[in-house]
């Protein structure tokens, strides 16, 4: 039987907006595992939650040590109430912050979904994002990220 991990709480049972505010403060990470399971956030619930295990993908940690960074994260999201809990375990190999990736915000994702339902192409959606949110194209996520979102999550 695997040993129990003592997770440190970063944010517990917060709404999606607060959870999205916490995630950018974390160093770069990749989602190692993602699955749905019975919800443990809501008491006595019969619905599912998304359980994600995160691992460090920071270039600063990779550059400091030849071994894999010991930091791990866990993000649990209720699919019904959209409440989020974020936990971490271990320490990063380097305390230096890594440059962040450009990501779509919740408002931008909702806007992308609306345009994708109208069968607008990803390049046009990206330009519409620039106009709607008054953001230069250089500050938006790359076209590839918009394409992936529209084709898989929109």
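The values are calculated or read from the model by the stated rules, or taken from the named source; none is laboratory data. Bear in mind the structure is a predicted one, so any value in this text is a computation, not a measurement. A quick note on method: Cβ atoms are made from the backbone with ideal geometry, for glycine too, and the neighbour counts reach across all protein chains shown.
Worth a mention:
- Boolean, residue 95 is exposed (fewer than 13 other Cβ atoms within 10 Å of the Cβ), modelled with pLDDT of 90 or more and closer than 29 Å to residue 139 by Cα: no
- Scanning the stretch 71-102 for residues that are under 11 Å from residue 19 (Cβ atoms) and part of a loop (DSSP other than H, G, I, E, B) yields a total of 2.
- Residue in the stretch 113-125 that is assigned by TED's automatic domain parsing to the domain that holds residue 24 and either assigned to a loop (DSSP other than H, G, I, E, B) or farther than 28 Å from residue 5 by Cα (or both) present: no
Matching residues to (1) in contact (Cβ under 8 Å) with a residue 60 or more places away in the chain; (2) under 17 Å from residue 153 (Cα atoms):
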residue: 12; (1), (2): yes, no
residue: 18; (1), (2): yes, no
residue: 24; (1), (2): yes, no
residue: 28; (1), (2): yes, no
residue: 46; (1), (2): no, no
residue: 55; (1), (2): no, no
residue: 76; (1), (2): no, no
residue: 84; (1), (2): yes, no
residue: 105; (1), (2): yes, yes
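- Complete set of residues in the stretch 50-83 that are crowded, with 19+ Cβ neighbours inside 10 Å and out of contact with any strand residue (DSSP E or B) (no Cβ under 7 Å at 6 or more places or on another chain): 58, 61
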